[in-house]
Amino acid sequence: MKILKITVSLAFLMMLTPMISNAQDQVVTLEFQNAAKALEVVQKYTKALQAGDVATMNAQFAPGAMIYGLGGGLDSLTVAQHKEYYTNSTNQFKHTLSQELYLPVKVTNNWNEGEWVLSWGTNTIQNKATGKIITVPYHTAGRIVNGKIEFLRYWYDMLNIMEAQGFEVKPPSK
């Protein structure tokens, strides 16, 4: 019985060996040559949002950049659609970001390879006409290539926005 347990344990360990070795090939680092430039690009983008400067926001994108998660949808936006989205938004609302945290990270040998800036914070959105305020926690992940944002993914709390607009969450009827 003891030999069977040892054999099974060794077989299990051998099955895990490829996963362990693959995990070691993936490299994630916080210190890389373009970290400061990547951070600068994303911070310039967020400062422009707070200033309502959509042209400067869009200038941070690579020409073929794709933006995901705006408007709560899974659909992608082009740079031109991003400009339209934020022109509409900044005409109606003032965006104030707080509790910002930025993390430049470089990933190699993985599906999400590249130089990224991850950011977290709170976007306090004030309706310019009514003064009504909506507080929205957010997270973004932007891949930076040649000093421009090539890919940007937004995640934020849609429930805060919906409830502030008067929507209610009700349990399903039985």
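The values are calculated or read from the model by the stated rules, or taken from the named source; none is laboratory data. Nothing here was measured: the structure is a model prediction, and the numbers come from that model. No Cβ is skipped: glycine too gets one built from the backbone with ideal geometry, and neighbour counts run over all protein chains shown. Remember, those area values only see protein heavy atoms, side chains included, never the ligands or the DNA or RNA. Shrake-Rupley method; radii C 1.70, N 1.55, O 1.52, S 1.80 Å.
How many residues does the stretch 119-129 hold that are open to solvent by 30 Å² or more (accessible area, probe 1.4 Å) and of a type in the set (Gly, Ala, Ser)?
1
Here's the yes/no breakdown for (1) outside any strand (DSSP E or B); (2) among the hydrophobic types (A, V, I, L, M, F, W, C); (3) open to solvent by 40 Å² or more (accessible area, probe 1.4 Å); (4) under 22 Å from Ala62 (Cα atoms):
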{"position": "Pro104", "(1), (2), (3), (4)": "no, no, no, yes"}
{"position": "Val107", "(1), (2), (3), (4)": "no, yes, no, yes"}
{"position": "Val117", "(1), (2), (3), (4)": "no, yes, no, yes"}
{"position": "Gly131", "(1), (2), (3), (4)": "yes, no, no, no"}
{"position": "Tyr138", "(1), (2), (3), (4)": "no, no, no, no"}
{"position": "Asn160", "(1), (2), (3), (4)": "yes, no, yes, no"}
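From the residues in the stretch 61-84 that are over 17 Å from the mean Cα position of the chain (by Cα), more than 12 Å from Lys148 (Cα to Cα) and of a type outside the set (Gly, Ala, Ser), which one is least open to solvent (accessible area, probe 1.4 Å)?
Here the residue is Gln81.
Take the stretch 125-167 and flag every residue that is over 30 Å from Glu115 (Cα atoms) and at pLDDT 90 or above.
Of everything in the stretch 125-167, those that are over 30 Å from Glu115 (Cα atoms) and at pLDDT 90 or above turn out to be Gln126, Asn127, Lys128, Ala129, Thr130, Gly131, Lys132, Ile133, Ile134, Phe167.
Looking only at residues that are more than 17 Å from Leu101 (Cα to Cα) and among the aliphatic types (A, V, I, L, M) in the stretch 41-57, which one is surrounded by the most Cβ atoms within 10 Å (Cβ to Cβ)?
Met57
With Asn88, Asn112, Asn58 as the choices, which residue is part of a helix (DSSP H, G or I) and closer than 15 Å to Phe151 by Cα?
Asn58
Can you tell me how many residues in the stretch 140-158 are in a loop (DSSP other than H, G, I, E, B) and in contact with a Lys or Arg (Cβ under 9 Å, 6 or more places away or on another chain)?
The number of residues fulfilling the criteria is 1.
Modelled with pLDDT of 95 or more, among the aliphatic types (A, V, I, L, M) and more than 16 Å from the chain's Cα centre (by Cα) - does that describe any residue in the stretch 13-35?
yes
Do the conditions hold for Arg143, that is, is it open to solvent by 50 Å² or more (accessible area, probe 1.4 Å), out of contact with any His (no Cβ under 8 Å at 6 or more places or on another chain), of a type outside the set (Ser, Thr, Tyr) and under 15 Å from Glu40 (Cα atoms)?
Here the answer is yes, as Arg143 does meet what is asked.
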